[in-house]
Amino acid sequence: MEQASLVIACGGTGGHLFPGLAVAEEWTARGGRVLLLVSEKKIDQEARRKYTQYQFETIPAIGKPATFSPKMLPFLWKLWRTMGRCGGLLKEFKADAVLGMGGFTSLPPAWAAKNAGLPAFVHDSNALPGKANRLTAKFCQKVFIGWDAARKYFGSREVVQTGTPVRAEMRHLPSRAEAAAKFGLDPNRPTLMVTGGSQGARRLNSLVAQAFTSFPAGTQVLHIAGPLDQQRVEEEAGGREGYHVIGFCDDMPSAYAVADAVLSRSGASSMTELSFLGLPSILVPFPYAADDHQTKNAEVFSTAGAAFLEQESALDAGKLAERVTTLMSDLQTRDRMAQAARSLAVPDAAARVCDAIQATLSRK
Ligand SMILES: CC(=O)N[C@H]1[C@@H](OP(=O)(O)OP(=O)(O)OC[C@H]2O[C@@H](n3ccc(=O)[nH]c3=O)[C@H](O)[C@@H]2O)O[C@H](CO)[C@@H](O)[C@@H]1O
């Protein structure tokens, strides 16, 4: 491929950032240039420091307020200014195309691309696409989706089911023994990994800490509590034998490598990783996610037999312990779920995204 230049807007949350990085890996491996647009949020700025091989620019993270809120005017002003800034960045970078990985951070660059006569694309990893993506899609040549369930929300637009890209580092997990040593765990004991997505999950964190004493004997927990909740969870549960708490995990491959099963929020990127790695899970949707989209995500897995879906409102420590016990003590069930999870994976999702962009560029 000639040096086609792709701008990837992937800021705001791990659920946008990591699939965006996966596309960047594939695009540069094919000889293309990449500019990543991220937000000022900590997770994005840390990625900027970690992935020094890429060119980054920071644009404001824009969250849409309620339609009739007084915050609407400042929001529209910020959106307008960011669109102008993106137009400048596309020109400077000599962009050939723009890809938004979701959320309102994708809208200004896609709009700027359309304005500049460049092709734009948006990726939606959720089963129920967000409003921002449905709006961004109007400026795009093609819409990429993670799961087929999202297709019907994009009307007459050209939709390609690419799957959600997974970072290359997930392809090379360390051995279980290495991973266990990293977290001070015993590689020979059954291990439950708990994660609330890139932002943590306060109530779920507490439920796990309370339920732990009723988990099957010998079970270890690697609890990724999120940076804001680490200290509180450590106070509630830390110090117990076999219970290891961390805040943000910057080595998810090791966390997955030591896990026999995972208890997780149902953010699309976490779920994509679970299916890619073939891990059985208990999914507890974040109850306040926009339009309850995490329930729709979790239903994709529970319908396929890849996960147990539990609503937080119906969950207490006793019920959670029961679910964990079923999962940790029944190898056959775990194997069946792992297989079902694997059957939902699209291992070459980043390649599919790049193929679809290149197909459009080659028609230009
Ligand atoms: C609360 C909310 O609305 N969350 C949304 C957000 O996901 P959010 O970013 O919360 O969560 P996701 O599960 O989609 O992604 C988390 C990503 O962060 C990584 N990770 C997580 C924890 C950690 O300590 N270290 C780490 O690297 C995971 O490996 C994964 O790649 O965007 C997703 C994609 O649109 C949506 O599906 C989620 O519903």
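General observations
- Hits in segment 288-316 (condition: near the ligand (Cβ under 10 Å from one of its atoms), open to solvent by 40 Å² or more (accessible area, probe 1.4 Å) and not in a helix (DSSP H, G or I)): 288
- Filtered residues of segment 265-286 (kept if within 11 Å of the ligand (Cβ to nearest atom) and of a type outside the set (Ser, Thr, Tyr)): 265, 267, 268, 271, 273, 274, 276, 277, 283, 285, 286
- Count of residues meeting criterion [of a type in the set (A, V, I, L, M, F, W, C), closer than 19 Å to residue 294 by Cα and either in contact with a Gly (Cβ under 9 Å, 6 or more places away or on another chain) or surrounded by fewer than 21 Cβ atoms within 10 Å (Cβ to Cβ) (or both)] in segment 180-206: 2
- Segment 43-60, residues that are away from the ligand (no atom under 12 Å from the Cβ) and either in contact with a strand residue (DSSP E or B) (Cβ under 9 Å, 6 or more places away or on another chain) or assigned to a helix (DSSP H, G or I) (or both): 45, 48, 49, 51, 54, 55, 56, 57, 58, 59
- Within segment 258-270, residues that are of a type in the set (S, T, N, Q) reach partners that are within 6 Å of the ligand (Cβ to nearest atom) and part of a strand (DSSP E or B) with beta carbons closer than 6 Å, at six or more positions or on different chains, in the pairs 264/195.
To keep it simple, each residue is scored yes or no on (1) part of a strand (DSSP E or B); (2) away from the ligand (no atom under 16 Å from the Cβ).
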| position | (1), (2) |
| --- | --- |
| 7 | yes, yes |
| 12 | no, no |
| 15 | no, no |
| 20 | no, no |
| 23 | no, no |
| 28 | no, yes |
| 31 | no, yes |
| 35 | yes, yes |
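- Extreme residue, farthest from residue 170 (Cα to Cα), among residues of segment 208-264 that are in contact with a Leu (Cβ under 8 Å, 6 or more places away or on another chain), of a type in the set (S, T, N, Q) and within 15 Å of the ligand (Cβ to nearest atom): 264
- Per the listing 144, 104, 121, the residue uniquely in contact (Cβ under 8 Å) with a residue 24 or more places away in the chain, over 22 Å from residue 28 (Cβ atoms) and not assigned by TED's automatic domain parsing to the domain that holds residue 259 is 104.
- Residue in segment 72-81 that is more than 16 Å from the ligand (Cβ to nearest atom), assigned by TED's automatic domain parsing to the domain that holds residue 13 and within 19 Å of residue 56 (Cβ to Cβ) present: no
- Filter result (in contact with a His (Cβ under 9 Å, 6 or more places away or on another chain) and either among the aromatic types (Phe, Trp, Tyr) or surrounded by fewer than 24 Cβ atoms within 10 Å (Cβ to Cβ) (or both)) within segment 102-151: 128, 130, 144
- Residue within segment 71-89 that is more than 20 Å from residue 140 (Cβ to Cβ) and at pLDDT 95 or above present: yes
- Subset tally (residues that are within 15 Å of the ligand (Cβ to nearest atom), surrounded by fewer than 22 Cβ atoms within 10 Å (Cβ to Cβ) and of a type in the set (A, V, I, L, M, F, W, C)) for segment 160-179: 3
- None of 255, 259 is buried (at least 20 other Cβ atoms within 10 Å of the Cβ) and assigned to a loop (DSSP other than H, G, I, E, B) except 259.
- Subset of segment 227-267 [of a type outside the set (Val, Ile, Thr), over 28 Å from residue 129 (Cα atoms) and in contact with a Ser or Thr (Cβ under 6 Å, 6 or more places away or on another chain)]: 259, 260
- Residue in segment 91-98 that is touching a residue at least 12 places away in the same chain (Cβ under 8 Å) and assigned to a helix (DSSP H, G or I) present: yes
- Some residue of segment 10-33 being over 17 Å from the mean Cα position of the chain (by Cα) and closer than 17 Å to residue 108 by Cα: no
- Any hit, segment 148-157, residues being in contact with a Leu (Cβ under 6 Å, 6 or more places away or on another chain) and within 13 Å of the ligand (Cβ to nearest atom): no
- Tally, over segment 61-90, of residues that are crowded, with 16+ Cβ neighbours inside 10 Å, assigned to a loop (DSSP other than H, G, I, E, B) and of a type outside the set (D, E, K, R): 2
The values are calculated or read from the model by the stated rules, or taken from the named source; none is laboratory data. Model, not experiment: these values are computed from the prediction. Heads up, the Cβs are rebuilt from the backbone with ideal geometry, glycines too, and the neighbour counts pull from every protein chain shown. Side chains are part of the model used for accessible areas, which takes the heavy atoms of the whole protein and leaves out ligands, DNA and RNA. Shrake-Rupley method; radii C 1.70, N 1.55, O 1.52, S 1.80 Å.
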